[in-house]
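The values are calculated or read from the model by the stated rules, or taken from the named source; none is laboratory data. Just so it is clear, the structure is predicted and the values come from calculations on it, not from any experiment. Reconstructed Cβ throughout: ideal geometry from the backbone, glycine too, with neighbour counts over all protein chains shown. Ligands, DNA and RNA are stripped out before the accessible areas are found, and what is left, the full protein with its side chains, is counted by its heavy atoms. Shrake-Rupley method; radii C 1.70, N 1.55, O 1.52, S 1.80 Å.
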Amino acid sequence: MSAEKLRLVLPDGREVEVEPGISARDLATKHDGGLAENAIAAKLDEEIIDLGRPIVRSGRFRYLGEDDSDVDALYVLRHSTAHVLATAVRMIWPNAGIGFGPPIAEGFYYDFDVEQPFTPEDLARIEEVMAEVVAAGEVFERREVDRAEARDLFADDPYKLERLGEIPEGDTISVYRDGKFLDLCRGPHLPSTALVKNFKLLHAAGAYWRGDERRPMLQRIYGTSFFEKKHLEEHLQRLEEARRRDHRMLGKELDLFSIQDDVGPGLIHWHPKGAMIQFLLRRFLEDELLRRGYDFVYTPHISRETLFRRSGHLQAYAEVMFPSMEMEGEKENYRVKPMNCPSHMEIYASRQRSYRDLPIRYAEIASDYRNEKSGTLHGMLRVRGLTMDDAHIFCRPDQVEDEIYGMLDLVDYVYSTFGLQYRLDFATRPPKRIGADEVWDEAEAALRSAIERRKLTYAVDPGGGAFYGPKIDVKFLDAIGREWQGSTIQLDFVLPERFDLSYVGADNQRHRPVMIHRAIYGTLERFVGGLIEHFAGTFPTWLAPVQVRLLPISDELTATARELRDRLRAAGLRAEVDERAETLSYRIRDGELQKIPYLAVIGQREAEAGTVAVRKRGAEKKQVVMPVPEFVEQVAEEDRTRALN
RNA sequence: GCUGACGUAGCUCAAUUGGCAGAGCGGCUGAUUUGUAAUCAGCAGGUUGCGGGUUCGACUCCCGCCGUCAGCUCCA
């Protein structure tokens, strides 16, 4: 069979004709030395291939180099590093069972079935052996085998056999070997372990085989690797930076919140300074909601189960709800609410509604309680008692798009005030759903159109919507690039049905309103936790629990300092006097560590001149002496404009 | 919920093979009255998470509970 030449389109646009079956490596030496210099793999269209693999079709072609900015190259590197890890583990524990070992977003992991969980000392030991494997420069050797041989090769590896059984008939089964380690693996890999230069094992923890808690627990080792040492170090520094910003640590240091053992896990105590932040967030949002035509409502924290039976929560959400409370002399038990929607439905349903009343927007910042699994609790980010900035909008179908548009506008207004970038996930109809297709068509079109009108970029999550309606999730990015779940906007076709909501239209007929759930912050707990980490505790002046701390140099100046404090308070600002009998240096240091935006020193000179010596957090000029009125105005201005400094 | 590690003063952490529970910071008191990131001294502060057990003796070893932390598919 005289093979036709293949045509490969190179990144620079050139086309080359090659013999079918030529490997990327041979292609490099024959055709273009420069292009393939330091290549570790190649990419043909969307498929990454080993350098040694034969090229059997035409397409766009490029080499992957030792380039940490190339996600494809990193993918190969980390996959190979995972194999080096497994190689080392098998050298130390020859009987270790092996699970999966994929590259992941920031590194890789590998799951092992071992008698004893790995200790930190084990990880250090494994790293040493990995270094030996790297030094040995073992070649990654790919081989394609038939099913029978594969079964034979992995006869002692039950997890690999299980995976093998899932590979469809007719698919190629490949195995990779480096040194003594053989793995069922689709590849691709580096040419040699010698290219694994900068890696680090980060931690070990249990992980269920296939994430299924009914199946055996394996021991997972996480790690990461880079081509360049500099990038590994930067990555480790980022991890360190994230630890430095941990809201649980900062919450303690800055006295923002606590969780008390004898109150219960996942239940937040907002201390005065944390509570101040929550208060400021509420005030900011509520003022804005008034401008945007919302009505405030307040609803009970507990209710008869009748309510949640009607809403469907008892059927669909019971495992997250706290258990029933029996009430003496009453047939019905009570429940603490996990959400606010049912009560808002009741308010809507409490009287007749006209099409002229719509849209109706009920907002409530409310405490809800959810019995989250103990292992998922995490500081303020995953709690059992949560404060939702909730709202439910009831509108006519023709109003949905404008309402969504308005919410996106509000999201943008709020997030940009905090200097947060964000992105949208648009989740569409899942396979299992209620509601007619026409209703979904209309709803999804309205959401999409609102997003596009707002000129926002978004990712579609097909089938990711709830069974009762499509939704938009807003993810915001913090200062070190991590993503947080923030706002959510969710259409609901179910609740209006269950509560038999209606309005009387212009045609004098009863119609079903559309209902939209929405939260801007999400929960105050998570949002504040996110802000703590985003700002690393250094809140902008308008959010700082204490904006100004006054430092009188000696006792004689305390009265002057108190006067200024009262003047600042009268201007709506938050100020306090540090009257402790400590040196100025001591009190300045303390104020800096407490991340207070303004430290204002008052000495004899200032008292006589009517000035303050202002030391602004993070400012280039260490201190500026200014007249008191000017200082008050400067802080007030920053507060008023919500400056991000 | 499950697996593992951990839990000592308000905070951060010590305490040898099972042998008198300590330090720094913080707090209080006194002295100092301070000019830009820690003044000095003294004092108080503990049922070593809770409950059992082993032992002459338990922070230490064993069991149970509570809590914290990491993780629990980003599919060979």
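Please state, rounded to one decimal and in Å, the Kirkwood hydrodynamic radius that the range A:159-206 gives when every pair of distinct Cα atoms enters the mean of 1/r.
Radius from the Kirkwood sum: 13.5 Å.
So what are the radius of gyration and Dmax for the Cα set of chain A, in Å?
Just the Cα atoms of chain A yield Rg and Dmax of 31.0, 103 Å.
To the nearest 20 Debye, how big is the dipole of chain A about its Cα centre, given +1 on the beta carbon of each Lys and Arg and -1 on that of each Asp and Glu?
Approximately 1160 debye in magnitude.
With each label point set 7 Å from Cα along the Cα-Cβ vector, what nm distance links A:E213 and A:E452?
With each label placed 7 Å out from Cα toward Cβ, I get 4.3 nm.
Okay, helix-only estimate at 222 nm for chain A: each DSSP H run of n ≥ 4 adds -39500 (n - 2.57), divide by all residues, round to 500 deg cm²/dmol; what do you get?
One gets -10500 deg cm²/dmol as the mean residue ellipticity at 222 nm.
With all protein chains present, calculate the accessible area of A:R574 using a 1.4 Å probe and round the result to the nearest 10 Å².
About 30 Å², rounded to the nearest 10.
Quick one: accessible area per residue over the range A:548-641, 1.4 Å probe, rounded to a whole number of Å²?
Heavy-atom SASA per residue in the range A:548-641 reads 55 Å².
Taking the alpha-carbon distance from A:K455 and a cut-off under 15 Å, which aspartates and glutamates remain once sequence neighbours fewer than 8 residues away in the same chain are dropped?
Of all the aspartates and glutamates, those that pass the test against A:K455 - Cα under 15 Å, at least 8 places apart if same chain - are A:E401, A:D402, A:D409, A:D412, A:D425.
Round to a whole number: what % of the accessible area of chain A belongs to carbon and sulfur, probe 1.4 Å? Intermediate values should be presented prior to the final figure.
On the way: 15300 of 31510 Å².
Looking at chain A in its full context, I get 49 percent from C and S.
Please list, or write none, the aspartates and glutamates whose alpha carbon is within less than 16 Å of the alpha carbon of A:K373, excluding same-chain residues fewer than 8 places away.
Counting by Cα, and skipping residues close in sequence, A:K373 has these aspartates and glutamates nearby: A:D212, A:E213, A:E319.
How big is the accessible area of A:I302 in square angstrom, nearest 10, if you roll a 1.4 angstrom probe over the protein chains?
70 Å²
So, how do all the Cα-to-Cα distances of the range A:6-64 break down into 5 Å bins, in percent, from 0 on up?
4, 22, 37, 30, 6
Cα-Cα over 20 Å: which of A:K160/A:K180; A:K595/A:K616; A:K273/A:K595; A:K273/A:K622; A:K43/A:K200?
Correct reply: A:K273/A:K622; A:K43/A:K200.
Cα-based Rg of the range A:548-641 per 2.2 N^0.38 Å, rounded to two decimals?
For the range A:548-641, the normalised Cα radius of gyration is 0.97.
In nm, what is the difference between 0.36 nm times the number of residues separating A:A275 and A:D261 and their Cα-Cα distance?
Taking A:A275 through A:D261 to full extension adds about 3.1 nm, to one decimal.
Got a number for the accessible area of A:W440? Probe 1.4 Å, square angstrom, nearest 10.
0 Å²
Return the tail of the calculated pair distribution for the range A:378-459, meaning the percent of Cα-Cα pairs more than 15 Å apart. List each step's numbers first, then the result.
Numbers: 2280 of 3321 pairs.
Every Cα pair in the range A:378-459 considered, those over 15 Å come to 69 percent.
Show A:S258, A:S80 ordered by accessible area, largest first, where the area counts protein heavy atoms only and the probe is 1.4 Å.
Largest accessible area first, the residues go A:S258, A:S80.
For q = 0.13, 0.15, 0.24 Å⁻¹, what log10 I(q)/I(0) does the range A:530-573 give under the Debye formula with an equal point scatterer on each alpha carbon and no solvent?
Reported log10 I(q)/I(0), two decimals: -0.41, -0.51, -0.82.
Starting from the Cα coordinates of the range A:115-267, work out the convex hull volume and express it per residue in Å³.
Details: hull volume 28.5 nm³, N = 153.
About 186 Å³ per residue, rounded to a whole number.
Using r as the Cβ-Cβ distance of A:A619 and A:R304, and R0 as 51 Å, what FRET efficiency do you calculate, to the nearest 0.05?
Details: r = 57 Å, r/R0 = 1.13.
Between A:A619 and A:R304 the formula returns 0.35.
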